[in-house]
Amino acid sequence: LGRQIRYYDQIDSTQIKAHELVDQGAEEGVLVVAEQQTAGRGRMGRKWHSPQGKGIWMSLVLKPRIPLHFAPQLTLLVAVALCRTIRRVTSLPVGIKWPNDLLVDGKKVSGILLESSAEEEKLQYVIVGVGISANLREQDYTDELKPIATSLSIASGRTIDRTELLSEFLYDLEKLYELYHEAGFGPIKTLWEQLSVSLDREVRTQTSQGPSEGTAIGLDDSGALIVRMKDNSVTKWYSGTVEFAN
Ligand code: BTN
C-alpha cells in the first residue's frame, strides 16, 4: 500500500482527488497526500481542519474482496492499525473511541473517514481518508476545537516526524489488511476491544426520538457497538456520533 504516491502542496480534499483517480483507473494502494486541504471533509458532513504542513492528510485507495455490508469492519481495522502505529512511534496512550476516533487524554488527535462505492452488495472500492493532527500547536486550533482536539506534538511535547509516522502506518495497515483477508474480522475485533476507550463506559447518542443512553459492552461482528440500556435491554448502534455520558 502506498507504493504509488500522489503528493500535493495544496488541494481541496485528498478524498475528492482519490475518487477522481479511481475513475481514471487507479489501482488498490494508490495514495494521495497533501500538505494542506482547503475543503477537508470529516464524518457526517463536518469540516476537517487541515492546516499547511502540520498534519498527515491522506487518502488511500482500497479494493477489498468483501461485500458492502462488511465495510464498517474496515473502518475499525484502520483505527486499530493507526492506534498501534501512534502508540509505537510516539509512546502516547492513544485509544479508540467508537467507531474510529483516536483520542489522547480525551481529546481527538486523528479522524478516519471511509467512503465506498458499490453496486448492489458488491463493493467496488473504498477510499480510506485519514487525518492525523501531528504537529499542530495550540494556536492552530479555533476556540471551538481547543477543548475537544489536540495534536501528537502538543500531547508528547516533541515534534513528530511525519514521514516516519506515515510509512509506519502504511506498513501496519498493510499487515492488518492481509490478516483480515486471511483470518476475517475476529482478530481485528479482539485488537479493537483491547485498544478501545469506549467499552464499559456510559455512552450517549442522538436518535430521531431524542438522546439515548447506555453502557457500551462490546462490538458485534459487523462492527456495531453493543449497548446495554438502563432498562437492561441490549441494542446495537451502527453509525452516528457517540459521546461519553460521564
Ligand atoms: C472525522 O473524524 O470526521 C474524519 C476526518 C477525516 C479527515 C481526513 S484528512 C484526509 C482525508 N481528506 C479529507 O477531506 N478528509 C480525510
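Any read-out appearing in this document is the output of simple, stated calculations on the displayed coordinates, not a laboratory observation. The structure displayed is predicted, hence computed values, not measured ones. Positions of Cβ are generated from backbone atoms using ideal geometry, with glycine treated the same way; all protein chains shown enter the neighbour counts.
Counting helices only, and only those DSSP H runs with n ≥ 4, report the 222 nm mean residue ellipticity of the chain as the sum of -39,500 (n - 2.57) divided by its residues, in deg cm²/dmol to the nearest 500.
-8500 deg cm²/dmol
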1/(1 + (r/R0)^6) with r = Cβ-Cβ of T159 and I5, R0 = 22 Å, i.e. FRET efficiency to nearest 0.05, evaluates to 0.50
Extension length gain for Q124 and Q194 (0.36 nm per residue less Cα distance), in nm, is 22.1 nm
Expected vector for segment 220-233, Karplus 3J(HN,Hα) from phi with 6.51, -1.76, 1.60 and θ = phi - 60°, integer Hz, x for Gly and Pro, equals 9, 5, 8, x, 6, 8, 9, 10, 8, 7, 4, 8, 6, 6
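Indicate the gyration tensor shape class of segment 1-138 (rounded, prolate or oblate), computed on the Cα atoms with a ≥ b ≥ c the square roots of the eigenvalues: a/c under 1.5 is rounded; otherwise a/b larger than b/c is prolate and the rest oblate. It would help to have the intermediate numbers written out before the result.
Details: a/c = 1.79, a/b = 1.26, b/c = 1.42.
Here segment 1-138 falls in the oblate category.
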For Q209 and E27, extending 7 Å from Cα along the Cα-Cβ vector and measuring point to point gives, in nm, a value of 5.1
Taking Cα pairs closer than 8 Å and at least 6 residues apart, the relative contact order of the chain in percent is 16
Residues whose modelled amide H sits under 5 Å from the amide H of A149, counting only those 5 or more places away in sequence or on another chain, are K108
For the chain, shape from the Cα gyration tensor axes a ≥ b ≥ c, cut at a/c of 1.5 then a/b versus b/c, turns out oblate
Residues other than K47 with Cβ under 12 Å of its Cβ, Lys/Arg counted +1 and Asp/Glu -1, net out at +1
Distance in nm between D12 and K146 label points, each 7 Å along Cα→Cβ, equals 3.3
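Once you sort the root eigenvalues of the Cα gyration tensor of segment 116-246 as a ≥ b ≥ c, which label holds: rounded (a/c under 1.5), prolate (a/b larger than b/c) or oblate (the other case)?
Taking the square roots of the gyration eigenvalues as a ≥ b ≥ c, segment 116-246 is oblate.
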Mean Cβ-within-10 Å packing, highest first, puts peptides 130-139, 143-152 in the order 130-139, 143-152
Scalar couplings 3J(HN,Hα) for segment 177-183 by Karplus 6.51 cos²θ - 1.76 cosθ + 1.60 (θ = phi - 60°), nearest whole Hz, x for Gly and Pro, are 5, 5, 4, 4, 5, 7, 10
The chain, Gaussian network, Cα under 10 Å: of D231, D220, D105, the residue fluctuating most is D231
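Take each of the peptides 108-114, 17-23, average the number of other beta-carbon atoms within 10 Å over its residues, and list them starting from the highest. If you can, show how the numbers build up before the last one.
Values: 108-114: 22.6, 17-23: 17.6.
Packing order, densest peptide first, comes out as 108-114, 17-23.
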Those trypsin sites (Lys or Arg not before Pro) from segment 55-103 that are DSSP loop and have at most 10 other Cβ neighbours within 10 Å turn out to be R65
Karplus-derived 3J(HN,Hα) from phi for segment 14-27 (6.51 cos²θ - 1.76 cosθ + 1.60, θ = phi - 60°), whole Hz, x at Gly and Pro, runs 5, 5, 4, 4, 5, 4, 4, 5, 5, 4, 8, x, 4, 8
Scoring only Lys, Arg, Asp and Glu (+1, +1, -1, -1) among other residues with Cβ under 11 Å from the Cβ of P67 yields 0
